[in-house]
Amino acid sequence: EPEVTQTPSHQVTQMGQEVILRCVPISNHLYFYWYRQILGQKVEFLVSFYNNEISEKSEIFDDQFSVERPDGSNFTLKIRSTKLEDSAMYFCASSEVGQTLVTNEKLFFGSGTQLSVL
Amino acid sequence: QQPVQSPQAVILREGEDAVINCSSSKALYSVHWYRQKHGEAPVFLMILLKGGEQKGHEKISASFNEKKQQSSLYLTASQLSYSGTYFCGTEIATGSARQLTFGSGTQLTVLP
């Protein structure tokens, strides 16, 4: 079965440093997402992305965060200046069809990148 | 608008049944159920769209009440492999792209 691939699996960084988390969504999928999960807590929505632009974003997704689809396969999340509270597992997800009210598609999650900010 | 899940945790023996509930103060467009094993990504279980809908396969099923404000996940004759954290994800009709809001999760532990 096709899968969403995330790299790296673990990332350790110093507070204030920039990090880029990388994701390769499933090839025929059109919608891409980033979620995060702080240890022991629920999965939180960060941002959705379609047609090379952000569709939705949560309050967590402030100016320190950005997403990009630099080529036809990668989808990246950049945190410009990391804070201690950014430490979490970051999940990328993708879905095949539109995330509108007309259709409904399940999300395929990657295995996540564990980000530790020291 | 985070859905409320209950219970927070449940421990049962292999072969026993469990019910996990997910409720919202507003009518939902859909409810998604995911299971996450420790250290792994959430894995999709099912989506419910219609009020009164029930769906599932084998021993894991779910229902969505008529008012579309409450969903329950049923695990019958549980197996060791059912252990994990179960999240419901809810969508409210906003007219825009999907934003799943997940509940806090229910930690299910199945003991031999």
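Listed values, structure above:
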quantity: B:H32, B:H38, A:H10, reordered so the largest accessible area comes first (probe 1.4 Å); calculated: B:H38, A:H10, B:H32
quantity: Proportion of all alpha-carbon pairs of the protein assembly as shown beyond 21 Å (%); calculated: 56
quantity: Accessible heavy-atom area order of A:R80, A:R36, highest first, probe of 1.4 Å; calculated: A:R80, A:R36
quantity: Rounded if a/c under 1.5, otherwise prolate or oblate - chain A, Cα gyration tensor axes; calculated: prolate
quantity: Solvent-accessible ranking of B:I11, B:I92, largest area first, probe 1.4 Å; calculated: B:I11, B:I92
quantity: 5 angstrom amide H check on B:Y29, placed H, neighbours 5+ away; calculated: B:E91, B:I92, B:A93
quantity: Residue-span extension gain [A:S9 to A:N51] - 0.36 nm each, minus C-alpha spacing; calculated: 12.5 nm
quantity: Of A:F32, A:F65, A:F91, the one that fluctuates the most in a GNM where chain A has Cα springs shorter than 10 Å; calculated: A:F65
quantity: For A:84-93, mean number of other protein chain Cβ atoms within 10 Å; calculated: 1
quantity: Environment charge of A:Q6, counting only residues whose C-beta is closer than 14 Å and scoring Lys/Arg +1, Asp/Glu -1; calculated: 0
quantity: Charge dipole magnitude, Cβ of K and R +1, D and E -1 - the stretch A:16-95, Cα centre, debye nearest 20; calculated: 220
quantity: Under 9 Å, Cβ to Cβ, from B:M46 - net charge with Lys/Arg +1 and Asp/Glu -1; calculated: +2
quantity: Solvent-accessible surface (1.4 angstrom probe) belonging to A:L118, in square angstrom, nearest 10; calculated: 110
quantity: Residue-wise HN-Hα coupling along the stretch B:37-54, computed from phi with Karplus coefficients 6.51, -1.76, 1.60 (Hz; x: Gly, Pro); calculated: 8, 3, x, 10, 6, x, 10, 5, 10, 6, 10, 10, 10, 9, x, x, 6, 9
quantity: Total accessible area lost when A and B pair, probe 1.4 Å, Å² to nearest 100; calculated: 2000
quantity: Accessible surface, per residue, of the protein assembly as shown when the full set of protein chains is kept, probe 1.4 Å, Å²; calculated: 49
quantity: Solvent accessible area, Å² - A:D63, 1.4 Å probe, full protein context; calculated: 130
quantity: Solvent accessible area, Å² - A:I20, 1.4 Å probe, full protein context; calculated: 60
quantity: Amide H within-cut-off set for A:V4, under 5 Å, with H built and near neighbours excluded; calculated: none
quantity: Neighbour count of at most 15 Cβ within 10 Å plus DSSP loop: longest trypsin sites (Lys or Arg not before Pro)-free window in chain B; calculated: B:68-112
quantity: Alpha carbon convex hull of the stretch B:4-111, volume per residue in cubic angstrom; calculated: 90
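The values are calculated or read from the model by the stated rules, or taken from the named source; none is laboratory data. Given the structure is predicted, the values throughout are model-derived calculations rather than measurements. As a convention, Cβ positions derive from the backbone with ideal geometry for all residues, glycine included, and neighbour counts pool all protein chains shown. For the accessible areas, the whole protein counts, side chains as well, though only heavy atoms, and no ligand, DNA or RNA atoms are used. Shrake-Rupley method; radii C 1.70, N 1.55, O 1.52, S 1.80 Å.
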